[in-house]
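> Can you keep this structure in mind? I'll have questions shortly.
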Amino acid sequence: MSTDIEAADPTIATGDVVVATDLTKIYGEGDSEVRALDGVTVSFPRGQVTAVMGPSGSGKSTLMHILAGLDRPTGGSVLVDGTELAGLNDQKLTLLRRDKIGFVFQFFNLMPMLTAKENIELPMKIAGSVPDAEWEARLIEATGLGTRLTHKPAELSGGQQQRVAVARALLSRPAVVFGDEPTGNLDSKTSAEVLALLRRAVDEFGQTVIMVTHDASAAAIADRVLFLRDGKIVRDSGRLSASEIFDTIKTLE
Amino acid sequence: MTGLVLRGLASRKLRSALTAIAILLGVTMISGTLVLTDQIDRAFVQIFQAGNAKIDVVVKQKPPFENVQSSVYLNASIVDQVRKVDGVKTAEPFIQSEGYLIANGESMNSTGGAPSFVFSNLPQNLNPYTPIEGRLPAASGEVAVAEEIAKKGDVAVGSQQKLATQDGIKDVTVVGILQYGNGDTSLGGSTTVLAPLGDVQQWWALEGKATAIYVKAADGVSQGELKDRIRSALPQSDLIVQTGREDADEQASILNDLIGKIIRYALLAFAGVAILVGAFIIYNTFSITVAQRTREFAMLRTIGASRRQILASVIGEALIIGLFASLAGIVLGLALAWGLGKLFAAVGFGLPATGLILSWQTVAVCLAVGIGITVLASIFPALRATRIAPIAALREGATLPVGRLARLTPVIAVIIGVLGGAGMAYGLISSGGTTGRLTTLAGGAILIFLAVAMLSRYIVRPVVSVLGKPIGWVAGGVGRIASENAARNPARTAVTAAALMIGIGLVVFVTIFVGGIKESFTGAIDSSLKSELTVSARGFGGTLPVGVYPAVKDVPGVQVASPVGGTAVQVGTGAYALIGVDPATLPQVYAFDWNSGSDALLGTLGKDKALVEDSIASSLKVKPGDVIDVLAISGKRAQLTVAGTYTDPTILNGIVVDQTALMPLLQSNATGVNTVFVKEDPSADSAAVQAGVEQALAQFPTAQVQSNQEQKDQAASGVNTILVIFYALLALSVVISLFGIVNTLVLSIFERTREIGMLRAVGTTRRQLRAMIRWEAVITSIIGGVLGVLLGILFGWAVCKGLESDGLVFVFPTVQIAIFLVLSIVAGVLAAILPARRAAKLDVLAALSYE
């Protein structure tokens, strides 16, 4: 576990955190066969925000699920921080998620009976490890929650809840944070706060973020934007403005 | 993770509390039972130890075979041998018999099942009773009475009173008022009169006999030493020589076996039922909450919780609920035992009680059962929780994956059901020991309950579609939605109903079973008795005074009176009743149901032939012509040739001989007659004859006369008392299952918050919403009630058929079953009150935006 904390340190960060090679995912058989992913090869370098976009059914969610070890590909390989996911059993996958992967969900998924601070610390508690106090303080400062840390999720706004979720994902300094429509359930103002926090996590803390999103303004903060259609990457671009992203999406649909 | 479990429980207070109640009530009953019976046990030990406090050694007759209902006597002259033993200071024969003082015309007998004693007097240095006024009786005709009697009957020292004895009413003079021990030991409602040994022997036809010989050691001789010396002076193997302490403990343990243990096991059986019902509810509650928390578990999995941690968190929750419920149950059990003690005392069923005793065994049993069952019931839901894939956290409307064994459920249920049926059948027809048979029977019934519970999910939809129509007529659209809701999750509805099914099923079963017992008795009176009146001893198993038969026989209007006597005997390894009859008169009062033989056989029985009841003949494997060896409780033996067999598991259930064959086997000097059947002259006025017999019995207060109807009524009232007790005990299980319905509804409403908001938004009134939830509860309770009634009938029928040879008759309790079905509907309505209120209170907007 110490290795990925070191690797997450921006001064040493080099190379690719997540490497996918020739991924295919096929649902069904014969006539009803659906190729959700059709030979996707892609690498994600450390210290970047990558947005994955595409119309419904393009395979973007499937790609993220497979990269995060939540789903298994029909073919191809995934390396997360140097570990090949293929062949890992449930226990090993669980430990990998615990140590190397953070998640931010569309519906926040906070535990309602725990306070904001306790929610942030939950994954570390589950892993039975003690959070780095200094790191935790920096993260909490970055969330801007301040006095609301002792509040339960029900007493927080959507934006505040999602910032708690981001902090939760970052506390263990994972190799990569996956976001599943992290702004999908937020308005534009609170979206901006959450996106700023994700951006800061990469710029200041050297984290790596891969998020699936429909939201062009969310993708506009990314260092890199991937566009998928019919299970294939159709465009792999550097930073784009919201209007450029919007145009690309239109051509895909 | 522990913190998470605790916080989770705290955040679901109502649900956690309702779940805990399911197990708490069962544990309360276990704890209450154990505390109460420990108390009874200790009280018996105290009574007998106080009784033997001054007695160093006891010499008793060893019964030839175990038969707790019969007293055995030794030869009183053995006391002469005892007195010669070196180290004996005092030795006295002692007789314990049953009788009571009639103080100023009023019977001073005990109430509520405790015995009324007449003891032979003992010298003060052996006597547990001390006069607090007057003195101990010395001359014939003198008695001393316990102070409770003196108070109740306003009996003064020196007054002339009457004593009810085996030999009729005797005139006595009260010479003393007595205190037991040092006055602080409760005798639990029993009454005591002391009379001189000679009087007791004569009045109870026990001349030359004694119940025991009590010995006081000379100074400096220890109990153990004296016991050894007396033992070597009395080497006869049929005598028991014990220290006073050993004798006290033995008597306490015999009485405890008779009373304490029976109460204990009977109550524990009902507590077991309550626990079983609780287990269903816990299983259901955990299943529902796990399903509702699918996304939460998935999220925990994505952020790194292992399957083992998920499993541990669910089981941990069960552990904590079980722990708290058990602790609360133990405390409530103490309160229950205290309350029951008061209740027993209030209804005159004075169980001798001492302070509350909470032993470590009670605590251990309660914790083990309470926590164990809760955890066990949560294992399957917990395993299902571990099967939730992490990816479910990312999907909306994620549902719990079906269990790996789900497809096999019907098959497993059928296998369990068949095993249960086999268990019940074995329990009913095997010839093994009673405990083993009862255990297999109960185990089989539990398995059948389980199987039906597992299968009942498949009948939910059909039942709902049948019930839906009438409910739709009555309740309109709301009724239809309620039916749909009940059928939406059949497994959930089925398990909720199954909890109620168990309670109702057992209620129906005991109704049939007890009804069968009652019918067997009344049926036997109708079919076997040709007589109109029956004279018997009051109380249990007593013999009639010698003078009763001659007195009754000569009452005007009595055509024929036929005396029947008996004693306990052993044949092979079984204990039976040896019944002595008068061959000349019996056929006129009693109709034999002959299997082999005829009434003509009676006159030929003589001293060495017997008639054997059919089921006894088959368990002894004898047929006419075979010879049986009979060992009477007196220690005397006889060889009898089986002359014929007949069927009567109720009235003459035993081995019938000529009374001249019975007499030599008796131990007392009395005739052993315990019943006189009286046939009236057809032309006589029945009421006048009965009044005449009552008149003739006035001098024999221990005897009573009953018409056949009165006998039936008495049996019915006894049976009804038992039934009421059973109902009260089973009511607990039904109440627990109501909590199950409440729990399921609360959880379902929680799940459907958004839906309820929508219904309210489109114009459903609060009243309609409450009605909707009420109907859902009623549908559930009808399913439980109907299944329970069906299973109860099945069990009742099976047991009545299985015990047919013991006289049990299957009677279909139509009225009661209708009542139980109505009650189960009422139960559903009651259970819906709280959930319906909660649902109606939901704020429309908040409910709509509920996530």
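The values are calculated or read from the model by the stated rules, or taken from the named source; none is laboratory data. Only a predicted model underlies this, so the values are computations on that prediction, with no experimental measurement involved. When we count neighbours, we look across all protein chains shown, and the Cβ atoms used for this are built from the backbone with ideal geometry, even at glycine. These accessible areas exclude ligands, DNA and RNA; they are computed on the full protein's heavy atoms, side chains included. Shrake-Rupley method; radii C 1.70, N 1.55, O 1.52, S 1.80 Å.
> If a residue counts only when it is closer than 30 Å to residue B:226 by Cβ and among the polar types (S, T, N, Q), which strands (runs of 3 or more DSSP E) contained entirely in segment B:11-122 have at least 1 such residues? Working first, answer last.
Values: elements: B:57-61, B:88-94, B:96-98, B:100-103, B:116-120.
Passing ranges, in order: B:57-61, B:88-94, B:96-98, B:116-120.
> In addition: With the requirement that a residue be more than 7 Å from every other protein chain (Cβ to nearest Cβ) and open to solvent by 30 Å² or more (accessible area, probe 1.4 Å), what does segment A:108-117 give you?
Correct list: A:117 only.
> Can you say whether residue B:229 is within 14 Å of chain A (Cβ to nearest Cβ) and touching a residue at least 12 places away in the same chain (Cβ under 8 Å), as far as the supplied structure shows?
no
> For segment A:160-250, which fully contained strands (runs of 3 or more DSSP E) count at least 3 residues that are among the β-branched types (Val, Ile, Thr)? Talk me through it step by step, then tell me what you get.
Working: elements: A:176-180, A:209-212, A:224-229, A:232-238.
Passing ranges, in order: A:209-212.
> Also: Please give the helices (runs of 4 or more DSSP H) falling wholly within segment B:548-631 in which 3 or more residues are more than 27 Å from residue B:679 (Cα to Cα).
Values: elements: B:548-553, B:586-589, B:614-620.
Fully inside segment B:548-631 and qualifying: B:614-620.
> Check off (1) modelled with pLDDT of 90 or more; (2) in contact with a Ser or Thr (Cβ under 8 Å, 6 or more places away or on another chain); (3) open to solvent by less than 30 Å² (accessible area, probe 1.4 Å) for residue B:507 and give me the number that stays unchecked.
(2)
> Which of the residues spanning segment A:27-58 are charged (D, E, K, R) and either under 20 Å from residue A:15 (Cα atoms) or part of a loop (DSSP other than H, G, I, E, B) (or both)? Outline the logic, then answer.
Going through segment A:27-58, the residues charged (D, E, K, R) turn out to be A:29, A:31, A:33, A:35, A:38, A:46.
Selection gives A:29, A:33, A:46.
> Any chance you could count how many residues in segment A:45-65 are among the hydrophobic types (A, V, I, L, M, F, W, C) and either facing chain B (nearest Cβ under 10 Å) or open to solvent by 10 Å² or more (accessible area, probe 1.4 Å) (or both)? Step through it out loud before you land on a result.
Filtering segment A:45-65 down to residues among the hydrophobic types (A, V, I, L, M, F, W, C) leaves A:49, A:51-53, A:63-64.
Restricting the remaining residues to those that are either facing chain B (nearest Cβ under 10 Å) or open to solvent by 10 Å² or more (accessible area, probe 1.4 Å) (or both) gives A:64.
Total meeting the criteria: 1.
> Out of (1) open to solvent by less than 10 Å² (accessible area, probe 1.4 Å); (2) at pLDDT below 90, the odd one out for residue B:333 is which?
For residue B:333, the failing item is (2).
> Further question: Would you confirm whether any residue within segment A:229-242 is farther than 30 Å from residue B:10 by Cβ and of a type in the set (S, T, N, Q)?
Yes: one or more hits.
> Also, quick follow-up: Hey, among A:138, A:163, A:72, which residue is without any contact (Cβ under 8 Å) to a residue 40 or more places away in the chain and more than 26 Å from residue A:22 (Cα to Cα)? It would help to see each step written out before you state the result.
Working: A:138 fails: without any contact (Cβ under 8 Å) to a residue 40 or more places away in the chain; A:72 fails: more than 26 Å from residue A:22 (Cα to Cα).
Result: A:163 is the single residue among A:138, A:163, A:72 that is without any contact (Cβ under 8 Å) to a residue 40 or more places away in the chain and more than 26 Å from residue A:22 (Cα to Cα).
> Also, I was wondering about something else. For segment B:555-594, name all the residues that are open to solvent by 20 Å² or more (accessible area, probe 1.4 Å), in contact with a Gly (Cβ under 7 Å, 6 or more places away or on another chain) and among the hydrophobic types (A, V, I, L, M, F, W, C).
Matches in segment B:555-594: B:577, B:594.
> Return the total of residues in segment A:169-178 being within 11 Å of chain B (Cβ to nearest Cβ) and within 12 Å of the chain's Cα centre (by Cα).
First, the residues of segment A:169-178 that are within 11 Å of chain B (Cβ to nearest Cβ): A:169, A:171-172, A:174, A:178.
Then keep just the ones that are within 12 Å of the chain's Cα centre (by Cα); that gives A:169, A:174, A:178.
Looking only at that region, the number is 3.
> Turning to a different aspect of this structure: Please go through (1) modelled with pLDDT of 90 or more; (2) touching a helix residue (DSSP H, G or I) at 6+ places or on another chain (Cβ under 8 Å) for residue B:629 and return the number of the only condition it doesn't satisfy.
(2)
> From (1) closer than 26 Å to residue A:131 by Cβ; (2) open to solvent by 40 Å² or more (accessible area, probe 1.4 Å); (3) not charged (D, E, K, R), pick out the condition that doesn't hold for residue A:89.
So residue A:89 meets the others, but not (1).
> Go through A:70, A:79, A:95 for me and flag whichever is under 17 Å from residue A:25 (Cα atoms) and either out of contact with any strand residue (DSSP E or B) (no Cβ under 9 Å at 6 or more places or on another chain) or facing another protein chain (nearest Cβ under 9 Å) (or both).
Details: A:79 fails: either out of contact with any strand residue (DSSP E or B) (no Cβ under 9 Å at 6 or more places or on another chain) or facing another protein chain (nearest Cβ under 9 Å) (or both); A:95 fails: under 17 Å from residue A:25 (Cα atoms).
Just one listed residue meets the conditions, A:70.
> Can you find a residue in segment A:126-133 that is under 29 Å from residue A:71 (Cα atoms), of a type outside the set (D, E, K, R) and open to solvent by less than 30 Å² (accessible area, probe 1.4 Å)?
yes
> Name the single residue, out of those in segment A:120-160 being in contact with a helix residue (DSSP H, G or I) (Cβ under 6 Å, 6 or more places away or on another chain) and within 13 Å of chain B (Cβ to nearest Cβ), that is farthest from residue A:171 (Cα to Cα).
Across segment A:120-160, the extreme among qualifying residues is A:158.
> In segment B:661-696, which residues are in a helix (DSSP H, G or I), closer than 27 Å to residue B:557 by Cβ and either basic (Lys, Arg) or touching a strand residue (DSSP E or B) at 6+ places or on another chain (Cβ under 7 Å) (or both)?
B:686, B:689, B:690, B:693, B:694 - these are the residues of segment B:661-696 that are in a helix (DSSP H, G or I), closer than 27 Å to residue B:557 by Cβ and either basic (Lys, Arg) or touching a strand residue (DSSP E or B) at 6+ places or on another chain (Cβ under 7 Å) (or both).
> Residues being open to solvent by 20 Å² or more (accessible area, probe 1.4 Å) and more than 9 Å from chain B (Cβ to nearest Cβ): count how many of those fall in segment A:98-107. Don't jump to the end; show me each part of the working.
Residues of segment A:98-107 that are open to solvent by 20 Å² or more (accessible area, probe 1.4 Å), as a first pass: A:98-100, A:106-107.
Pick out the ones that are also more than 9 Å from chain B (Cβ to nearest Cβ) and you get A:100.
Within segment A:98-107, residues that are open to solvent by 20 Å² or more (accessible area, probe 1.4 Å) and more than 9 Å from chain B (Cβ to nearest Cβ) number 1.
> Only one of B:427, B:472 is in the same structural domain as residue B:803 (by TED's automatic domain parsing) and in a helix (DSSP H, G or I). Can you tell me which? It would help to see each step written out before you state the result.
Working: B:427 fails: in the same structural domain as residue B:803 (by TED's automatic domain parsing).
Of B:427, B:472, the one residue that is in the same structural domain as residue B:803 (by TED's automatic domain parsing) and in a helix (DSSP H, G or I) is B:472.
> I'm trying to understand the selection: among the residues of segment A:65-75, which are modelled with pLDDT of 90 or more and outside any loop (DSSP other than H, G, I, E, B)? Write out each step before concluding.
Quick first cut of segment A:65-75, residues modelled with pLDDT of 90 or more only: A:66-67, A:73-75.
A:66, A:67, A:75 - these are the residues of segment A:65-75 that are modelled with pLDDT of 90 or more and outside any loop (DSSP other than H, G, I, E, B).
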